[in-house]
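Since every read-out is calculated from the coordinates, none of them should be taken as a lab result. Bear in mind the structure is a predicted one, so any value in this text is a computation, not a measurement. A quick note on method: Cβ atoms are made from the backbone with ideal geometry, for glycine too, and the neighbour counts reach across all protein chains shown.
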Amino acid sequence: MRLLLATRNQHKVREISQLLRGDGFEVIGLDSLPALPEIIEDQPTLEGNARKKAAAAAQGSGLWALADDTGLEVAALWRAPGVFSARYAGPGCDFAANNRKLLSALQGTAAKKRAAVFRTVMALCGPDGAAMIEEGRLEGFITEELRGSDGFGYDPVFFVPAAGKTLAEMKPEEKNALSHRAAALEKMLPHIRNLAHDA
Ligand code: ITT
């Protein structure tokens, strides 16, 4: 069966398609359905945005849709950038500008005070409005400089102690084995597999 990933972020489409490989889904992204209107992420919480993205995509397409909203929460910055992670450095900014702003906000902050968590809230919605929500987390520390070139977003500044490297220093399979998005998807998988079963 077809499952719509309610995202235009090609990195996410790739990550989630890899995680669902072998489960018999034809996974498509919003770029395959250009007629669907843009979904504005204007909710105050990750859960609100994930729900909104999945519900709008499911309603507009008639397919079951999966969306995630992810935020990086940095303890020393009172959990910023959080729900504003995509536009931390301003509207239309890119990943590099966000990382520059984060590193400069933490300048002078000691290594052990640079704790951070990636939080992913994932929503699965049906065209009739049915919805399921799951959450995944990954704890780590913000580095003092960019490290690695894989992944996307804040990956080059997010150090994972258990692995001894940043997310951007990991191959895609390594990131997928421990990431916040993979953890959320792991919890969501039984619901997704039920859909295939009931279809
Ligand atoms: P969609 O809303 O279209 O899915 P997005 O890129 O806007 O894509 P989010 O709102 O979920 O994605 O994520 C907000 C930002 O958090 C995103 O722009 C990245 O900078 C960052 N981010 C999300 N997942 C990440 C990951 O796995 N690794 C590093 N940074 C990530």
Over 12 Å [Cα-Cα, segment 85-126], rounded percent: 70
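For 78, 64, what's the fewest-to-most ordering of other Cβ within 10 Å of each Cβ?
Details: 78 8, 64 23.
By the 10 Å Cβ count, ascending: 78, 64.
If you put +1 on each Lys and Arg Cβ and -1 on each Asp and Glu Cβ, how big is the dipole of the chain around its Cα centre, in Debye rounded to 20? It would help to have the intermediate numbers written out before the result.
On the way: 24 positive and 25 negative charges, 97 e Å.
In debye, rounded to 20, the chain gives about 460.
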Alpha carbon centroid spacing (whole Å) that separates segment 58-98 from segment 3-52: 13
Computed Kirkwood radius, in angstrom, where 1/r is averaged over Cα pairs of segment 39-116: 14.0
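Only counting other Cβ atoms within 10 Å, I'd like 143, 166 sorted with the fewest neighbours first. Walk me through the numbers on the way to the answer.
Working: 143 21, 166 25.
Least crowded to most crowded, the residues run 143, 166.
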Principal axis dimensions, the chain - Cα atoms, whole angstrom, descending: 54, 32, 24
Distribution of pairwise C-alpha distances over segment 110-161, 10 Å bins, in %: 21, 38, 21, 15, 5
Rounded to whole Hz, the Karplus (6.51, -1.76, 1.60) HN-Hα couplings of segment 182-190, x for glycine and proline: 5, 5, 5, 5, 4, 6, 7, 3, x
Residue order, fewest to most beta carbons within 10 Å, for 155, 23: 23, 155
Those residues of segment 30-63 whose amide nitrogen sits under 15 Å from the label point placed on residue 198, 7 Å along Cα→Cβ: 63
Relative contact order (%) - criterion: Cα under 8 Å, at least six apart; region: segment 87-199: 23
Relative contact order (%) - criterion: Cα under 8 Å, at least six apart; region: the chain: 19
